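First up is the structure itself, then whatever we jot down about it.
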Amino acid sequence: MFAWNVLQDIWFLLIGVLLAGYAILDGFDLGIGALFPFLARTEDDKRTLIAAVGPVWDGNEVWLLAGGGALFAAFPMAYATVFSGFYLALMLVLFALILRAVSLEFRAHDPARKRFWEAAFVGGSALPALLFGVALGNVVGGVPIDARSEFAGTFFTLLRPLPLSFGLLGLCAILMHGAAYAALKSEGDLLARARKTARVLAIAFAAAFALSLAMVWIYLPAAVRSVPAWVFAAFVWLSLALFAAAVKKGRDGRAFALSSAAFLSLWGIVGAIQYPNLVRAAVPERSLTIANASSSALTLKVMLLIALIGMPVVIGYTIFAFRVFKGKARPGAGGY
Amino acid sequence: MDAVLLARLQFGLTAGFHFLFPPTTLGLSLLVVVIEALYLRTKNEAYKELSVYLVKILGTVFVMGVATGIALEFAFGNNWAAYSRTVGDIFGAPLAAEAVFSFFLESVFLGILVFGRDRVSPKTYRLSAFLVFLGAHLSGLWIIVANSWMQTPAGFRMEGDRAVLADFWQAALNPSTVVRFVHTILGGWITGALVAMAIAAWLMLKGRAAGKAALLMKTSLAVFAAAAVLQLGSGHAHSIQVTRTQPEKMAAFEALWKTEDGAPFTVFGIPDEKNERTLLAVRIPKMLSLLVHFDPNGRVLGLEEFARDERPPVFLPFASYHVMILFGVVFILLGAVGVWLLARKKLASSRRYLKFLLFAVPLPYLANETGWIAAEVGRQPWAVYKILRTSDAVSATVPAGNILFSLILFTAIYALIAVAGLTVLLRTVRGGPGDAATAGTKGGA
């Protein structure tokens, strides 16, 4: 069928697609979670926002599990190095995601601890929204890797300028995306607040994007020569400008599509400057690449078949489910 | 403290806690499908109200399963990096396949089940119920594929110190996959069905929703009694497979120190590993040979056949294996008594049986957990049988202190989730079928 190196290229792309899918799907419910205290003024507002994400957040989160599982299956060396190397940071993400996963169900049905579960929803959304970008910034910007391909830094190694700027950018992108989805699903005062928040966040996104570009320029000068990265960067600016205009005109559906486009373009930049690396090492020859971190050709082939059989069906019924729940959200749906 | 021990404790805690929920989901999703089918056939509104009731419970249990499952998808990279590097070529694929073929299916259609009753046609709703059932069972299949490959690896070759896939179907359908899958699924059906029976029993004892409680009892008792009997067969087949493919594990299950032609089945005993003997042993002569070889004089290998550093511990696998079997017998009796009472139309009035059902709720959970402990501790000292030792499988870069930190937080968070989850579930159960239970699905329209 395909040569090994072609399969590796395909899996680099597919994992990018899964993670980008995660970003634009779970991104909006993470964003709504993190913006919850700013958007919701009344209990009805809260229940509207929860009803907007309630039926879909779980399916959205599976994109992360699929991306993580695919990384494990296709590039186990990179999965092992990153997940053990970034141990404490990933534990924080895990604890946040665990508490967040139960938070909406328990907020609705465990009245004695309602405030706690609401805080878990907010914090459990905000922390991963920030840390995902930091983690990505590290594998893109480069980390110390020893001769056995193990991560050779500490928790604080992860908190350098380039990764932090990526974290800020990811957070802004997720928040803006969440505000755009909130606008799509709400009415009245809540809608007005969501739109206003989205416009403010578009500016924050632009500032964080400019900062991240500057960090890449300083710390990763080779990346500046990537022509596709510049093309994607142009798409980011274009999408952002059109997004701000769409929000101003109250075209919420269009705004959400443009927010997704901006997010996808960010992933385009990451893919362009990262290929063929999975984890860039401070010492370049120790980098984990799609060639030296990969599974066998047979495993990549089997996985490709699984993806080709499974993912079209998944995309089909996910679209169906979003159509079932389309339109404005109403407080109280599903007992929330 | 030792990093290997801490990593094992953390995996044991996170997987053991997680394993409370998926079996419940397996059983409850089956019951929802059955009850939806009965509703379609009889048009009896009571079934619809029961379905609404069970879906609420299923929704809570499912969410807890999701929350505690995320940690496990990450755990192999977090704590078992050497494992991931050594066998990732084979072990990663079933985890990815589980996400693609089952997590999406379960999650998306559970959303429709819980939130969408008034937004989709009854036909689509029934289909969604079936797809949640299917997704839950496919998820079980893929994780069993992965686990079975650790127990009885097949379809691979070694390239240096890495295991590389040679034949996908051999690896996926390795010698223990099918029987382990059937055994685990039946354990789930028993769990979900007993939970539903206990709920029905509680409603009956309180004299609430009598008609619906009786229907729920009848349906779940049918599933429970059948699954309990079938489980005897699947357990037997599983033990034959273990004898063939992991003989030292069977020797540990039965605390069989010496190889015997005509080995006894030890009903009770306290294995003394140091002196290689079993204290207070009550044995049925030749029974083990008869069970695993269908020959009272068949040879069963004892622990003496295996190098000391390749033997599993004995006490824990022995004890948990026997507790599991004991509960398995209890389930068969409980099902038989229930069916007998039902046939004599005495079930609703038999308060003693109904009360016993309430107290029996922890038993299937203990059976699932002890069965799992027997299987996994019995696999030691290997992470992957004869390929990779557990002590060689951990992450080299994660200090013991970091694992201790995460272990403490996992314990605290899971304790909180256990308390809150139980509160929520009991509250939902107390709400009863019908009355207020349908209110939640109206708001979304």
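Checking each residue in region B:272-314 for being assigned to a helix (DSSP H, G or I) and within 28 Å of the chain's Cα centre (by Cα) picks out B:Met287, B:Leu288, B:Ser289, B:Leu290, B:Leu291, B:Val292, B:His293, B:Leu303, B:Glu310. Picking from A:Ser260, A:Ser295, A:Ser226, which residue would you name as being touching a Gly at 6+ places or on another chain (Cβ under 8 Å), buried (at least 16 other Cβ atoms within 10 Å of the Cβ), of a type in the set (Gly, Ala, Ser) and closer than 28 Å to A:Leu7 by Cα? Only one candidate qualifies: A:Ser295. Could you list all residues from region A:198-207 that are surrounded by fewer than 22 Cβ atoms within 10 Å (Cβ to Cβ) and either modelled with pLDDT under 95 or touching a helix residue (DSSP H, G or I) at 6+ places or on another chain (Cβ under 6 Å) (or both)? Passing the criteria: A:Arg199, A:Ala204, A:Ala206. Candidates A:Ser287, A:Ser259: the one that is among the hydroxyl-bearing types (Ser, Thr, Tyr) and more than 19 Å from A:Leu136 (Cα to Cα) is A:Ser259. Please name all residue pairs, on different chains or six or more residues apart, with Cβ atoms under 9 Å, provided the first residue is in region B:376-404 and is over 18 Å from A:Ser84 (Cα atoms) and β-branched (Val, Ile, Thr) and the second residue is part of a loop (DSSP other than H, G, I, E, B) and at pLDDT 95 or above. Final answer for the pair search is B:Val377/B:Pro312; B:Val377/B:Pro313; B:Val384/B:Pro153; B:Val384/B:Ala393; B:Ile387/B:Pro153. Just one of the listed residues (B:Val114, B:Val164) is at pLDDT 95 or above and of a type outside the set (Asp, Glu), namely B:Val164.
Residue-wise test of (1) surrounded by 24 or more Cβ atoms within 10 Å (Cβ to Cβ); (2) among the aromatic types (Phe, Trp, Tyr); (3) over 30 Å from A:Val302 (Cα atoms).
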| position | (1), (2), (3) |
| --- | --- |
| B:Thr42 | no, no, yes |
| B:Ala96 | yes, no, no |
| B:Val100 | yes, no, no |
| B:Phe103 | yes, yes, no |
| B:Phe109 | yes, yes, no |
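Note on region B:403-412: residues that are surrounded by fewer than 20 Cβ atoms within 10 Å (Cβ to Cβ) and either facing chain A (nearest Cβ under 9 Å) or basic (Lys, Arg) (or both) amount to 2. Restricting region A:94-146 to residues that are within 13 Å of another protein chain (Cβ to nearest Cβ) and not in a helix (DSSP H, G or I), the residue that is surrounded by the most Cβ atoms within 10 Å (Cβ to Cβ) is A:Val143.
Only one of the numbered conditions (1) within 7 Å of chain B (Cβ to nearest Cβ); (2) under 18 Å from the mean Cα position of the chain (by Cα); (3) surrounded by fewer than 24 Cβ atoms within 10 Å (Cβ to Cβ); (4) under 26 Å from A:Leu158 (Cα atoms) is not met by A:Met77, and that is (2). Of the helices (runs of 4 or more DSSP H) lying entirely inside region B:41-139, the ones with 2 or more residues being under 24 Å from B:Ile403 (Cβ atoms) and either acidic (Asp, Glu) or within 10 Å of another protein chain (Cβ to nearest Cβ) (or both) are found at B:45-79, B:81-98.
Determine whether A:Ser84 is among the hydroxyl-bearing types (Ser, Thr, Tyr), surrounded by 19 or more Cβ atoms within 10 Å (Cβ to Cβ) and part of a helix (DSSP H, G or I). Judged against the criteria, A:Ser84 is a match. Among the residues of region B:20-40, the ones that are crowded, with 19+ Cβ neighbours inside 10 Å and either under 16 Å from B:Val114 (Cα atoms) or of a type in the set (Lys, Arg) (or both) come to 8 in all. Can you confirm whether region B:239-259 contains a residue that is among the hydrophobic types (A, V, I, L, M, F, W, C), part of a helix (DSSP H, G or I) and over 20 Å from B:Ser320 (Cβ atoms)? Within region B:239-259, not a single residue is among the hydrophobic types (A, V, I, L, M, F, W, C), part of a helix (DSSP H, G or I) and over 20 Å from B:Ser320 (Cβ atoms). Being more than 14 Å from A:Ser186 (Cβ to Cβ) and not acidic (Asp, Glu) is the filter; apply it to region A:25-53 and report the residue that is surrounded by the most Cβ atoms within 10 Å (Cβ to Cβ). Restricting to residues being more than 14 Å from A:Ser186 (Cβ to Cβ) and not acidic (Asp, Glu), the top hit is A:Leu30. Restricting attention to region A:53-74, the residues being at the interface with chain B (Cβ under 7 Å from one of its Cβ atoms) and free of Cβ contacts under 8 Å to residues at least 40 places away in the same chain number 5.
Just so you know, in region B:55-76 the residues that are in contact with a Phe, Trp or Tyr (Cβ under 9 Å, 6 or more places away or on another chain) and without any contact (Cβ under 8 Å) to a residue 40 or more places away in the chain include one that is farthest from A:Thr318 (Cα to Cα), and it is B:Phe76. Restricting the search to region B:6-54, which residues are in contact (Cβ under 8 Å) with a residue 60 or more places away in the chain and among the basic types (Lys, Arg)? The one that is in contact (Cβ under 8 Å) with a residue 60 or more places away in the chain and among the basic types (Lys, Arg): B:Arg8. Set side by side, the residues A:Ala246, A:Ala255, A:Ala214 differ, and just one is at pLDDT 95 or above, over 28 Å from A:Met77 (Cα atoms) and under 21 Å from the mean Cα position of the chain (by Cα), which is A:Ala255. For region B:199-216, the candidate set comprises residues that are touching a Gly at 6+ places or on another chain (Cβ under 8 Å) and surrounded by 19 or more Cβ atoms within 10 Å (Cβ to Cβ); within that set, the residue that is modelled with the lowest pLDDT is B:Ala209.
Just give me the residues in region A:1-31 being among the small types (Gly, Ala, Ser) and in a helix (DSSP H, G or I), in sequence order. Matches in region A:1-31: A:Gly16, A:Ala20, A:Gly21, A:Ala23, A:Gly27, A:Gly31.
The values are calculated or read from the model by the stated rules, or taken from the named source; none is laboratory data. Everything numeric in this text was worked out from a predicted model, so none of it was measured. Every residue, glycine as well, gets a Cβ built from its backbone with ideal geometry; the counts of neighbours run over all protein chains shown.
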